[in-house]
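Following: one structure in structure tokens, then a few remarks.
What follows is calculated from the coordinates using simple rules that are stated; it is not laboratory data. No experiment lies behind these values; they were computed from the predicted model shown. All Cβ positions, even for glycine, are placed from backbone atoms using ideal geometry, and neighbour counts span all protein chains on display.
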Amino acid sequence: MSKAAELFAQRKEGVFWILAILWMGFIFFMSAHTGSDLDHGTGLFSAIKASLEDFVARTTGLQTDIVSTLAHVSEYLVLGFLLANALCLRTSAGKAFLIAVLTGSLYGVTDEIHQIFVPGRLCDPADWLADTLGCALGALCLTVLKRRQPKAKK
């Protein structure tokens, strides 16, 4: 590998890790607030959440907070994808998948512990399961995409 190609690969890996860490910061920020805390109950977040909850209640009859579960899955789906993407540069797609899911799941544990200290939030093992599921789905998406790519010629 030429020096230029090696430098490009290092920078690419650095960017991938920075994206994953920034996303973890976003998750931390969101966990430090409630939806109504971010917009005082009258803004965009509250309106979206209320609309989604109303839609779910009308279409399924469920009176549960499925929106929160979907938010957890979505946040961690992105995290799993970003972690697996960064890890794929140094290891096989299978190992990257496993490490990404374990790392994301452990981060989900710390996220739930963090929420104990946030007024209006609580530590919920069901949320951690949603986090882990989302992370696994994101890492799986990346793994499938990587396996579909044609192998680069050396």
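Residue by residue, what Karplus-based ³J(HN,Hα) values in Hz, rounded to whole numbers, does region 86-96 have, using 6.51, -1.76 and 1.60 with θ = phi - 60° and x for Gly and Pro?
For region 86-96, the Karplus-derived couplings read 5, 5, 4, 6, 10, 8, 5, 4, x, 5, 4 Hz, x marking Gly and Pro.
Given R₀ = 35 Å, what would the calculated FRET efficiency be for Ala47 paired with Ala126, taking r from the Cβ atoms and rounding to 0.05?
Details: r = 25 Å, r/R0 = 0.72.
After rounding, the FRET efficiency stands at 0.90.
Contour minus end-to-end for Ser92 and Cys141, with contour as 0.36 nm per residue of separation and end-to-end as the Cα-Cα distance? Mind dumping the intermediate values first?
On the way: separation 49, 0.36 × 49 = 17.64 nm, distance 1.46 nm.
So the chain would gain 16.2 nm between Ser92 and Cys141.
Taking neighbour Cβ counts within 10 Å as the exposure measure, how do Asp111, Asp131 sort from fewest upward?
Working: Asp111 22, Asp131 27.
Final ranking by Cβ density, sparse to dense: Asp111, Asp131.
May I ask you to compute the full-extension gain from Lys3 to Leu70, defined as 0.36 nm times their residue separation minus their alpha-carbon distance, rounded to one decimal in nm? The partial results should precede the final answer.
Working: separation 67, 0.36 × 67 = 24.12 nm, distance 4.43 nm.
Extra length from Lys3 to Leu70 when fully extended: 19.7 nm.
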